[in-house]
1. Tell me the residue from A:Q136, A:Q77 that is more than 16 Å from the chain's Cα centre (by Cα) and either more than 15 Å from A:H190 (Cβ to Cβ) or not in a helix (DSSP H, G or I) (or both), please.
2. So which residues in region A:23-48 are in a helix (DSSP H, G or I) and at the interface with another protein chain (Cβ under 7 Å from one of its Cβ atoms), if there are any at all?
3. For region A:52-71, which residues satisfy the criterion of being assigned to a loop (DSSP other than H, G, I, E, B) and farther than 17 Å from B:F45 by Cα?
4. A:M165: modelled with pLDDT of 95 or more, in a helix (DSSP H, G or I), more than 20 Å from B:G71 (Cα to Cα) and touching a Leu at 6+ places or on another chain (Cβ under 7 Å), yes or no?
5. Here's a check for you: in region B:45-70, which residue that is small (G, A, S) and modelled with pLDDT under 95 is surrounded by the most Cβ atoms within 10 Å (Cβ to Cβ)?
6. Against the condition in contact with a His (Cβ under 6 Å, 6 or more places away or on another chain) and not acidic (D, E), how does A:S96 come out, does it pass?
7. If you go through region B:68-91, how many residues are free of Cβ contacts under 8 Å to residues at least 12 places away in the same chain and within 9 Å of chain A (Cβ to nearest Cβ)?
8. Given (1) more than 22 Å from the chain's Cα centre (by Cα); (2) at the interface with chain A (Cβ under 10 Å from one of its Cβ atoms); (3) of a type outside the set (S, T, N, Q), identify the lone condition not met by B:G28.
Amino acid sequence: MSVAVAAYDAKRETFAPASEAGPASKRIVVAFGFWVFLLSDIVMFSALFVAYAVLVRATAGGPAGAELFNQVSVAVQTGCLLVSSYTCGLMSLAVSQRRRTDTYLLALVTFVLGAAFLYLEVHEFAGMIARGAGPQRSAFLSAFFTLVGCHGLHVTAGLIWLAVMMAQVEFKGFRPSVDRRLLCFALFWHALDIVWVWLFTAIYLMGVRP
Amino acid sequence: MTDTSYDRAPGEISTTAEAQRLTLSDFGIYTVGFVLAVMLTAISFWVANTTLLWPPGVAMGLVVLAIAQMGVHLVFFLHITTGSDNTNNVLALAFGVLVVLLVVVGSLWIMRDLNSNMTITPEQMNLRMQR
């Protein structure tokens with residue numbers, strides 16, 4: 001368990017029923033609020049997702065998914081995001097145990113893997129646009145670029161957030177407000193990986209099937 | 001009092017005595033989750049490319065694998081459990097899943113119906129154009 005939480009809970013360990021416990025700690029309220037935001041974000045993704053599913057056959061004579069998608073690149077992207085999710089989890093442990101060097105190291109690995117994911121995605125997009133399969137080509141491609149691009153934007157935001165958090169750890173130290181933000185970041189990063197599971201399954205793996 | 005009835009922030013590993021006794025070390029939790037997720041991902045890619053399986057069943061298999069992997073992520077990375085300190089997080093998640101299902105299944109259903117009921121055959125189109 002984490003040191004920060006242990007210190008926080010130690011004060012309250014003597015209380016008994018929830019009805020007499022008073023309001024929840026700020027850490028719980030903040031993380032729960034962020035959890036609700038993440039769920040609403042996933043609801044938004046589900047709308048884009050279903051738009052893609054409805055329009056997947058609407059290629060307007062243009063290229064279909066089977067001609068465009070490169071499974072090897074997708075597998076590498078998936079690996080990058082999965083490992084970065086794992087290192088992000090380990091970073092949460094390092095944060096809760098106040099291991100500063102490990103925190104930086106794991107954050108760096110997470111950042112590099114996230115950036116590699118983004119590089120591959122931008123590379124894929126550029127290749128598709130170069131061969132005339134840009135978002136304006138067909139409804140299928142519009143939906144594809146919106147959905148995958150939206151996930152890519154989230155990853156970009158996550159990378160910026162991670163860099164900012166490391167600066168905060170450096171200059172502010174592990175104070176409660178920084179702890180809360182790091183917890184929210186970990187939630188965000190893991191949620192992005194869950195969204196990607198559905199993206200690579202439904203778009204790439206189902207898409208390359210004849 | 002060991003029976004603390006406080007809520008737990010989402011994404012935080014349970015600190016109750018019961019959970020501590022039952023689970024692995026924190027590092028072990030993430031590692032088991034990672035190994036499971038890698039296995040499920042590998043199986044997904046294999047299922048999508050193999051010719052051994054009955055083709056119409058592959059899509060359903062992929063969906064099942066994705067649901068399983070989502071479960072692995074939720075349990076091992078986001079530490080969602082059935083514990084009483086986690087009820088609020090699970091309820092929020094359940095509502096989120098409900099809305100997602102309504103949006104996805106409802107939209108697919110309606111659009112499928114619209115497609116099959118409102119498609120205009122070339123003959124019908126010709127009739128309309130002559131009018």
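The values are calculated or read from the model by the stated rules, or taken from the named source; none is laboratory data. Being a predicted model, the structure only gives us computed values, none of them experimental. Glycine also receives a Cβ, built like all others from the backbone with ideal geometry; neighbour counts cover every protein chain displayed.
1. Details: A:Q77 fails: more than 16 Å from the chain's Cα centre (by Cα).
The conditions single out A:Q136.
2. Selection gives A:R27, A:I28, A:A31, A:F32, A:W35, A:V36, A:L39, A:I42, A:V43, A:S46, A:A47.
3. A:V56, A:R57, A:A58, A:T59, A:A60, A:G61, A:G62, A:P63, A:A64
4. Details: modelled with pLDDT of 95 or more: yes; in a helix (DSSP H, G or I): yes; more than 20 Å from B:G71 (Cα to Cα): yes; touching a Leu at 6+ places or on another chain (Cβ under 7 Å): yes.
Yes, satisfied.
5. Per the stated criteria, the residue is B:A48.
6. no
7. Final tally of qualifying residues: 1.
8. For B:G28, the failing item is (2).
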